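For reference, the structure is listed below as structure tokens.
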Amino acid sequence: MAGKAGTILVTGAGIDPSLLEPLLDLGFDLRRPRQPLSENRLVHELKGAVAYLHGGEERATARALESAAHTLKVVAFLGVGYENFIDVARADELGIVVTNTPGAATDSVAEFTVGQIFLANRRIFEHLGNRLPDWTSPEELPHNLRRRKIGIVGMGSIGTRIAEMLTMAFGAEVAYYSRTPKKDVEERLGITFLPLHELAENSDILVVMVPLTEKTNPMIDAGVLARLRPGTILVNTARPAVVDPGALHLCMAEGRVSLAVFDGFYGPDCASANRLLADFGHRLLVTGHIASHTREAMDRMVCQAVASIENVLEHGADKHAVGNRAGRVPGVPRNNS
């Protein structure tokens, strides 16, 4: 492999060191600093690095990338939601290839999301610790999942897997919105395509599963949230910014959203998010961006990232490249890791 000597920065927890051995076998040194990394620490750790396996929560800002531009060839991101973590536009300008790991965590995120749907729908969290229920009327009893109308925003691989679990295992009534209707999925699972606002109007539980892009930031805005029926459960295991926090605050105040579920939350400097926590913390279920964190998903992501690093350093391109480098894979072998 041309230019194989050098250092590779690896960040993040839960990475099996044995999966990094192919890089050691090729002559690379691995640098694995303690977490978390501030921007200044990331600048320091990137010194002399030819590749960067990004598995942590740090932000690869324009400044951090510029500091390593004379050596850094590739940033391999673990996961698909790289937009909040890497300045891809600046990486493109600097000639640094950014890759991600599509498909590696589909089952893990789908399982987690369905678990959160169960948790919220049955309000299990309110009864932990052997607490007796305090229902004063039949209307307060939770419903079976098959009696709930579930809307899924986004029918990519993860959204499709969620729909499979809900319909095939539990007989739930599912509708969806996607930029492109998925006729094959509709026929196979018996689900219905609805325009976004109509989906919001007809859902007891609204599941958000779209990537964060300029077009989806925020996709679930005031116009969408205003269409929700009173008592709707919102489950967002995509990026928090897909949902407008100010509009969500209003809908929670009005009772349109009874419970909001997030995997990862807005930054501490987001005033609207801070108001959400202050006013409706008891109706927010927030986990720390853990939906994709299973052993199987992590292993698949690391294997894909390692293969991407090898491809970029040897060929200058990879099939999982994003940004302006996406699709530029002539001569690059398609690996199946």
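Readers should treat all values here as calculations from the given coordinates under stated rules, not as data from a laboratory. Just so you know, these numbers come straight off a predicted model, no measurement behind them. Heads up, the Cβs are rebuilt from the backbone with ideal geometry, glycines too, and the neighbour counts pull from every protein chain shown.
Summing Lys, Arg as +1 and Asp, Glu as -1, what charge do residues with Cβ under 12 Å from the Cβ of Pro36 carry, Pro36 excluded? Result for the neighbourhood of Pro36: -1. Full extension of the chain between Lys47 and Glu296 yields a length gain of 86.5 nm, computed as 0.36 nm times the residue separation minus the alpha carbon distance.
Along the range 168-177 the Karplus relation, 6.51 cos²θ - 1.76 cosθ + 1.60 evaluated at θ = phi - 60°, assigns HN-Hα couplings of 6, 8, 10, x, 6, 8, 10, 10, 8, 10 Hz to successive residues, with x for each Gly and Pro.
Between amide H atoms placed 1.01 Å from N, distances below 5 Å from Arg31 occur with Ile8, Leu9, Val10, all of them 5 or more places distant or on a separate chain. The value of relative contact order for the range 1-141, using C-alpha pairs under 8 Å at least six residues apart, is 18 percent.
Comparing Met165, Met209, Met298 in a Gaussian network model of the chain, where Cα atoms under 10 Å apart are tied by springs, the biggest mean-square fluctuation is seen for Met165.
For the chain, the relative contact order is 18 percent, taking Cα pairs closer than 8 Å that sit 6 or more residues apart in sequence and dividing their mean separation by the residue count.
Each stretch of four or more DSSP H residues adds -39500 (n - 2.57); spread over every residue of the chain, this sum gives -9000 deg cm²/dmol at 222 nm.
For Val261, the residues whose modelled amide H falls within less than 5 Å of its own, excluding neighbours fewer than 5 places apart on the same chain, are Leu234, Val235, Asn236, Leu285. Shown for His54, His289: other C-beta atoms within 10 Å of each C-beta, ranked fewest to most, produce the order His289, His54.
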